[in-house]
Every structure is written in structure tokens, then in C-alpha cells.
1. At pLDDT below 80 and not hydroxyl-bearing (Ser, Thr, Tyr) - does that describe any residue in region 41-58?
2. In region 27-40, what residues are surrounded by fewer than 10 Cβ atoms within 10 Å (Cβ to Cβ) and not small (Gly, Ala, Ser)?
Amino acid sequence: MAPTFFGLSSTDREVFLEEAFLLQYHLKMTYSDIRSLPLPYRRWFITRLSDEFKKRSDAQKKASDDSKGLVDIPMGEVMDSMMQNSPGQPQAPRTLKFRDK
């Protein structure tokens with residue numbers, strides 16, 4: 001591909017269009033507003049939008065786990081948790097969800 005003197009390269013144009021699509025679709029920004037945004041501001045909006053999606057996903061996952069009765073216990077604490085339960089007293093069964101840390 002030959003270098004372009006005016007305008008963006010095809011790769012840069014694709015990156016811009018992806019960013020423009022996300023901002024238009026999720027934030028309802030106009031194309032002209034997106035084009036006039038300085039690059040650091042445009043990237044800030046994309047990063048902030050990504051962070052918000054992660055927070056929403058984590059909250060939904062936690063709510064789903066809570067409704068299913070799942071408990072998040074790191075792998076190192078499983079043995080401690082098992083040792084605390086005395087064998088003479090039956091407890092309600094619970095489902096454990098493990099994460100590596």
C-alpha cells in the first residue's frame with residue numbers, strides 16, 4: 001500500500017471508524033462532533049465507555065452469582081473454610097466458586 005500524503009492511511013481510517021461507531025452507537029454523538037474531538041478526548045471517551053461496560057458486567061455477574069447462591073472464595077482460603085466447619089454441626093449446602101489468586 002502506498003503512503004498517503006493527504007488523509008489517513010487505511011489502517012488509521014479503520015481505527016477512527018471503529019471509534020466513531022462506538023461513540024455514535026452508545027453515546028449518540030454525531031459524526032461531526034466525533035471528528036472535531038481532539039484525539040486524547042476521543043480515546044478518553046472510549047476508555048471510559050469500556051470501563052463502564054466492565055463495571056456493568058461485573059455487577060450483573062455478581063447479581064447472578066448471588067441469586068444462584070455462589071460464594072467467591074480464593075483458592076488459598078478453601079482449606080481454611082473447610083476447617084472452620086465443625087463435622088458435628090450440619091450446615092446448609094452452598095456452592096463454591098473458585099478463582100485463582
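1. First, the residues of region 41-58 that are at pLDDT below 80: none.
No, that holds for no residue.
2. The initial filter retains those residues of region 27-40 that are surrounded by fewer than 10 Cβ atoms within 10 Å (Cβ to Cβ), namely 28, 32, 38-40.
Listed by number, the residues that qualify are Lys28, Pro38, Leu39, Pro40.
The values are calculated or read from the model by the stated rules, or taken from the named source; none is laboratory data. Model, not experiment: these values are computed from the prediction. Every residue, glycine among them, receives a Cβ derived from its backbone with ideal geometry; neighbour counts consider all protein chains shown.
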